[in-house]
Amino acid sequence: MSSRSEQRIARDGQDASYTTPDAGVAALADGDCVLFVSATASAASGGVWRAQALADLLQLPLLILHVLSERRNRLLNALDATSAGRLLSRFVQVARISTEHYRGILGDRFADDRLVIGMGDVVEEAAVYATELAAAVVVVAADELNGTQVTHLARIAARPVLVTHARRSASGSVVAATDLSAEHYPVLQQARALATLRNAPLVTVHNVPPTAIMRGLAFLRTGRLTSKRPIASALELQRASEVVGADAAVLLQTTDPARAVLDEARSRAADIIVVGTHQRTGLRERAHKSIAATIVDRARRSIIVEPIGR
């Protein structure tokens with residue numbers, strides 16, 4: 001059961017709170033680098049180049065974090081010289097192989113001091129280094145992490161995470177999915193900044209469960225009363241879209257919001273989808289996979305996951 005309505009947004013007489021392009025770019029580039037994270041021996045060149053392209057857009061350096069799967073306590077517990085020596089030798093070998101790999105992809109744009117070797121859980125290491133290096137955006141290839149890991153990384157790192165796919169569209173449009181629950185609409189603001197950088201059209205999308213019962217179930221699942229009646233949601237979506245200068249706003253009424261967002265992105269030939277992730281605790285995080293995580297897992301195009309409330 002689903003329905004769809006679209007509102008074209010007039011650009012004349014925009015709301016005075018509309019984020020200007022310069023302010024939008026500054027918000028997106030709030031950091032000292034773009035951090036590409038990989039735990040595989042040879043990260044796909046497409047993901048590396050998309051990270052480099054984003055760094056170029058933001059006018060920031062690209063740093064690369066390669067994470068070894070060994071647990072940190074192996075190093076701490078390696079009291080004998082032989083074990084410590086083997087582990088140190090592995091670090092040196094991985095650093096050499098990774099350096100050759102990334103230099104082969106980026107050529108002269110890669111420098112040895114842009115590579116960092118970490119050890120442990122890839123999500124935890126990425127969050128730690130993103131904080132220490134003041135990364136503006138964390139970038140991972142689509143086959144590195146699943147949706148739950150990506151949304152968890154965005155929340156604990158308190159930074160947007162770009163999940164790259166090799167596929168690019170001709171239109172290059174940006175589709176932003178929002179639940180309209182957060183003040184100042186951080187997902188839409190991030191999408192506006194990205195669309196401005198890319199000189200791309202921006203489409204905002206909001207889903208309303210089609211019945212009152214389903215809206216109640218959504219509240220029980222998320223703990224947030226974000227789903228209003230369709231008319232009220234349509235008006236709020238239009239206002240929010242005008243605030244960020246969107247080109248079009250789409251109100252969906254469906255029981256499968258993840259599929260609906262992906263279908264909308266497909267129909268727009270979108271290059272990137274922007275979604276938000278809220279803090280999730282305890283039973284809700286274990287019992288219910290978030291919509292953002294589902295979109296990440298199902299998508300065949302790049303996605304930015306914006307942590308809400310960071």
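Starting from the Cα-Cα distance between ASP112 and HIS184, subtract it from 0.36 nm times their residue separation and give me the gain in nm to one decimal. Don't jump to the answer; show the numbers that get you there.
On the way: separation 72, 0.36 × 72 = 25.92 nm, distance 4.03 nm.
Taking ASP112 through HIS184 to full extension adds about 21.9 nm, to one decimal.
Quickly work out the ALA41-to-PHE91 label distance, labels modelled 7 Å from Cα along the C-beta direction, and quote it in nm with one decimal.
Here the modelled spin labels are 2.2 nm apart.
Could you give P(r) for segment 32-133, binned at 10 Å from zero, as whole percent values over all Cα-Cα pairs?
15, 45, 30, 9, 1
Taking amide hydrogens as modeled 1.01 Å from N in the peptide plane, which residues meet the under 5 Å criterion relative to GLY276, leaving out close sequence neighbours?
GLU306
Using the 10 angstrom Cβ neighbour count as an exposure proxy, how do THR40, THR204 rank, fewest first?
Neighbour counts put them in this order, fewest first: THR40, THR204.
List the residues whose amide H sits under 5 Å from the amide H of HIS165, counting only those 5 or more places along or on another chain, with H placed 1.01 Å from N in the peptide plane.
Under 5 Å from the amide H of HIS165: SER302, ILE303.
For ALA39, which sequence-distant residues (separation of 5 or more, or a different chain) have an amide H within less than 5 Å of its own amide H, given hydrogens modelled in the peptide plane?
Counting only residues 5 or more places away or on other chains, the set is VAL67.
Between segment 107-127 and segment 129-201, how many Å separate their Cα centres?
Centre-to-centre distance over Cα atoms comes out at 19 Å.
Computed from the coordinates by the stated procedures, all read-outs in this text should not be read as laboratory data. Every value quoted in this text rests on a predicted model; they were computed, and no experiment measured them. Here Cβ is always computed from backbone atoms with ideal geometry, including for glycine, and neighbour counts include all displayed protein chains.
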